[in-house]
Amino acid sequence: MARSARLRLQDLRDVQRLVGECRELGDSATTWRSHLLDGALRLTGAGVGVEYDLTAEPNHDDSYRALGSTDRGWSDGFDRAGWDAMHAEFLKSGPSYQPMYKPYLEALERGVGPAMTRADLLSNGGWYRSLYFRDHHVSCGGDATMYGLARAGRPAGYSFLVLIRAAGEADFVPRARAIVGELHAQFAPLIEGPLAGNNEPSPGGLAPRARQVLRCLLEGDGDKQIAARLGLSRHTVNFYVRRIFAHFHVTTRSELMARWIRRGWGLSSKPLDEDP
């Protein structure tokens with residue numbers, strides 16, 4: 001009997017809980033993405049997960065540029081060196097080197113997906129006889145592979161998930177594809193909102209004392225009040241304020257507050273709670 005692709009109530013709860021946990025970690029792009037992948041591996045039975053932060057290249061159909069990536073797993077027989085070698089060849093030869101890539105994008109255009117496995121896209125012969133599989137994929141210790149692409153929160157932004165099961169393991173069950181699709185639908189729109197994007201300034205990048213000054217600014221204190229509250233001179237407060245503005249690429253307190261509200265951070269943000 002074919003396995004159901006329908007999500008269970010517990011699946012929805014697990015996805016919602018995972019996305020909620022990522023939101024709590026959202027001021028650090030690396031931290032929330034690592035936690036997301038750990039959860040995705042657990043929910044789908046994958047051994048390796050990679051999340052790419054992509055931007056669509058203007059005037060080039062189906063062309064994307066990676067702004068950053070995060071990966072997790074690599075235990076139980078997986079070899080990171082094989083994956084790194086594949087990346088080098090992918091950059092040199094182009095996307096057509098990976099036999100799943102073009103069929104996946106074509107399937108998306110037909111309205112299939114968004115989460116699809118190798119078995120959805122290629123025959124066994126087309127996969128196992130490919131130079132890609134022979135030269136790199138098998139050397140990293142994996143086989144069954146799932147792709148998922150979703151629009152991210154910013155213009156022309158995308159999140160691309162790659163999940164891989166170990167060689168010798170069965171393919172992903174249909175419900176795993178549904179879980180990935182639901183997970184992507186919930187977290188991707190939050191990127192560069194409650195979930196920090198790669199290369200985006202966050203409070204975690206400030207020194208501890210600057211984070212304290214930032215908290216005071218967000219609570220509406222003026223320089224004189226901040227100086228009294230933190231036991232600093234007004235000159236020192238002004239120094240930190242200028243550093244904070246430069247860090248977040250703003251020039252006024254109203255711009256800083258607007259960015260903070262847009263990002264969905266609260267005053268309970270963990271980096272703000274750390275003592276100097």
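Values for this structure:
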item: Order by protection proxy (mean Cβ within 10 Å, highest first), peptides 147-159, 219-231, 239-251; result: 147-159, 239-251, 219-231
item: Dipole magnitude of the range 47-160, debye to nearest 20 (Cβ charges: Lys/Arg +1, Asp/Glu -1, about Cα centre); result: 80 debye
item: Surrounding net charge for A178, when Lys and Arg each add one and Asp and Glu each subtract one, Cβ distance under 10 Å; result: +2
item: Relative packing of 48-55, 103-110, which averages over residues the other C-beta atoms within 10 Å, highest first; result: 48-55, 103-110
item: For I191, residues with placed amide H under 5 Å, excluding near neighbours; result: G153
item: Solvent-accessible heavy-atom area per residue, rounded to whole Å², over the chain at 1.4 Å; result: 50 Å²
item: Around T70: net Lys/Arg minus Asp/Glu count, Cβ-Cβ under 11 Å; result: -2
item: Dipole of the range 1-151 [Lys/Arg +1, Asp/Glu -1 at C-beta], most positive-end residue of G73, M146, S96; result: M146
item: Amide H partners (placed H, <5 Å) of A167, local residues excluded; result: G142, D143
item: Listed residues H87, H136, H35, most fluctuating in the chain (Gaussian network, C-alpha, under 10 Å); result: H87
item: Gain on full stretching of the segment that runs from A66 to E109 - 0.36 nm per residue minus C-alpha separation; result: 13.4 nm
item: Debye, to nearest 20: dipole size of the chain, +1 on Lys, Arg Cβ, -1 on Asp, Glu Cβ; result: 680 debye
item: Rounded to whole Å, sorted largest first: equivalent-ellipsoid semi-axes of the range 131-245, Cα gyration tensor; result: 48, 16, 12
item: From phi via Karplus (6.51, -1.76, 1.60), per-residue ³J(HN,Hα) for the range 156-167 in Hz, x at Gly/Pro; result: 6, x, 9, 10, 10, 9, 10, 10, 10, 9, 5, 4
item: Percent RCO, i.e. relative contact order, over the chain, from Cα pairs under 8 Å lying at least 6 residues apart; result: 22 percent
item: Per residue, the convex hull volume that the Cα atoms of the chain enclose (Å³); result: 154 Å³
item: Distance-filtered residues of the range 165-199 - backbone nitrogen under 19 Å, label point 7 angstrom along R80 Cα→Cβ; result: 165-167
item: Accessible carbon and sulfur surface of the range 162-241 relative to its total accessible area, %, 1.4 Å; result: 48 percent
item: Packing-based ranking, highest mean first, of 7-18, 187-198 given that Cβ atoms within 10 Å are counted; result: 187-198, 7-18
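The values are calculated or read from the model by the stated rules, or taken from the named source; none is laboratory data. Computed from a predicted structure; not experimentally measured. As a convention, Cβ positions derive from the backbone with ideal geometry for all residues, glycine included, and neighbour counts pool all protein chains shown. Side chains included, ligands, DNA and RNA excluded: accessible areas come from the protein's heavy atoms. Shrake-Rupley method; radii C 1.70, N 1.55, O 1.52, S 1.80 Å.
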